[in-house]
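Read the structure below first, then the notes.
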Amino acid sequence: MTHNDSQGGKIIRGAVGFMGPEGSVKNPSYEAVCTGATGHVEVYDCDYDVIDDAPKDVTYESLIKHFFMFHDPTTLNRQGNDAGTQYASVIFCHDNVQLEIATRVKEELQALVDAGKVKYSGPTVSTAVVPATTFYPAEAYHQAYLENNPGVHPYLIPI
């Protein structure tokens, strides 16, 4: 699966799975994560490649902005009909540059929400921006979920 964006980046690999806080259960199952007891969040882990000599920080910023466009970041621990801590809006960053970019984009989005220029269901962008931990891929049946279950989650847009 690949997806090009207008800022010179391309997703070259992706998988759904889970990330949790340091010291959390290793390699949790989807069923365990759904209990909320493991502390893990469902995530999409991807490799994002720079194309056409685009600056890496610009393409990462573009990816973060896309993240905020395809879900409602103001619903705490909820996405559409799915509720629970595993559905929290979280950006896991792999270095300080990513952490700074994601935090800035979140703050810029909050300013737009406060000014009434962007509307979501709530007034506060609740997305957490945290350092990445170990990624655990979900079971095979959970990969390509949207493609295999069309119309199940209209709040998510496959790319």
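Every read-out reported here was derived from the displayed coordinates using simple, explicitly stated rules and does not represent laboratory data. Note that the coordinates shown come from a computational prediction; the quantities given were computed from them, not determined experimentally. All Cβ positions, even for glycine, are placed from backbone atoms using ideal geometry, and neighbour counts span all protein chains on display.
In terms of Cα to Cα distance under 23 Å, which lysines are near enough to K10, apart from those fewer than 8 places away along the same chain? Output for K10: K56, K65, K106. Placing pseudo-labels 7 Å out from each Cα toward the beta carbon at E100 and V50 gives an inter-label distance of 1.5 nm. Computed packing ranks the peptides 13-20, 42-49, 90-97 as 13-20, 42-49, 90-97, most packed first, by mean other Cβ atoms within 10 Å. Normalised Debye scattering of the stretch 80-133 at q = 0.22 Å⁻¹ gives log10 I(q)/I(0) of -0.90, counting only Cα atoms as equal scatterers and leaving out solvent. A Förster radius of 41 Å combined with the Cβ-Cβ distance from Q143 to K117 puts the calculated FRET efficiency at roughly 0.65.
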